[in-house]
Every structure is written in structure tokens, then in C-alpha cells.
Amino acid sequence: MNRVILGAFGALVLVSVGLFWMQGRAQVEAGAPPPDPEALAEVEPVDPEALPTADVTGMEGPEPPEASELTREQRRFFRYDRNRDLKITRNEMLSTRTDAFRKLDADGNNLLTFEEWAVTTVSRFDEMDADADAELTASEFATSAPKPRQQARCRC
């Protein structure tokens, strides 16, 4: 309990010191001397619509970095490594499967019963079985293939 009170007191002291410091800086800026009129007369007027120019003859910039292509295994690794620490934790590995699990868990109790799985599987089978003969032909089974992802178009 003493630590909490001491911490709160310390925070209050730091905030008050910060406020006094900020007020002191504002008073110094308000009391700053005005600029010298002779120095301002020597400066050429600037055209606000003119573009800045620089002499870059003989100058050469650095080479742009090359983008390295990731191998298929590296892309697969980075799909799981969410925080990019080059290590995959158990939570990172399981995080890709939670959405699929939540779709199957009909009552939302985080327990997948056989009935919940069976209902989902049977309803999916019935959707694929177009002629309702309780058998899937090759063309009916092909309708269950996942649709390819649409890649975002460049909006350059």
C-alpha cells in the first residue's frame, strides 16, 4: 500500500514540475526580443510560388536497395510468425485456426462436439450434392474447392 501512495505522490510531483517548466518556457518565448529590422531588410523576399532549386551537377545518390524474393518456405514461416521475431509460438501457430474453429462451434462454448462437427459437415455435403443422390461426382466435388483470393489492385 505504501508503494502505491509513494508512486502516486511521485507522479504528482513530476507532473507539477513539468507544468512549471512549460509555463516558464512560454514566458521566456513571449519576452524574447523582436528581430533586428536591419537584418530583415538584407534578406531577399521569397516568392511563395517559386520552386526551390539546387545545383546537383556531379552528385550521385546511393543505389536503391534490392527487394529480395522470399522462398516459399519463408513465406509460409512468416504467415505464422505474426510479430516477426523469427520464432513461432504455440499461440501464433494456433491463431490461424481459430476462425475455422469458431465457425464450427455453433453454440460458442469453445467446445466442439461431434454433433456440431457433423451438422456442419452434413450441411456442406448437401450443398455440394446438386442432384441429391447422396453421392458426389467429380464435378460436384469440384464446387467445394476454395476460391482463389483476389489480389488487391494497385491504386497508383
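The values are calculated or read from the model by the stated rules, or taken from the named source; none is laboratory data. No experiment lies behind these values; they were computed from the predicted model shown. All Cβ positions, even for glycine, are placed from backbone atoms using ideal geometry, and neighbour counts span all protein chains on display. Ligands, DNA and RNA are excluded from the accessible area calculation, which covers all protein heavy atoms including side chains. Shrake-Rupley method; radii C 1.70, N 1.55, O 1.52, S 1.80 Å.
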- Starting from the stretch 108-132, take each residue that is closer than 17 Å to S144 by Cα and aliphatic (A, V, I, L, M) and list its partners that are modelled with pLDDT under 85 and open to solvent by less than 100 Å² (accessible area, probe 1.4 Å), counting only C-beta distances under 6 angstrom and pairs at least six apart or across chains. M128/L136; M128/E140; M128/T143; M128/S144; A130/E140
- Query: Can you name the condition, by its number, that T53 falls short on among (1) of a type in the set (S, T, Y); (2) in contact (Cβ under 8 Å) with a residue 12 or more places away in the chain; (3) over 30 Å from T143 (Cβ atoms)?
  - Reply: (2)
- Message: Can you find, within the stretch 113-156, the residue that is nearest to the chain's Cα centre (by Cα) among those that are surrounded by 11 or more Cβ atoms within 10 Å (Cβ to Cβ) and not in a helix (DSSP H, G or I)?
- Response: S144
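Looking only at the stretch 98-112, how many residues end up being over 20 Å from the mean Cα position of the chain (by Cα), open to solvent by 60 Å² or more (accessible area, probe 1.4 Å) and of a type outside the set (S, T, N, Q)?
First, the residues of the stretch 98-112 that are over 20 Å from the mean Cα position of the chain (by Cα): 100-112.
In the following step, the residues that additionally are open to solvent by 60 Å² or more (accessible area, probe 1.4 Å) were identified as 101-103, 106-107, 109-112.
Cutting the leftovers down to of a type outside the set (S, T, N, Q) gives us 101-103, 106-107, 111-112.
Here the count works out to 7.
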- Message: Name the single residue that is farthest from L112 (Cα to Cα) among those in the stretch 54-83 being touching a helix residue (DSSP H, G or I) at 6+ places or on another chain (Cβ under 8 Å) and at pLDDT 85 or above.
- Response: N83
- Item | Scope the stretch 84-97; condition modelled with pLDDT of 85 or more and surrounded by 11 or more Cβ atoms within 10 Å (Cβ to Cβ); matching residues | I88, T89
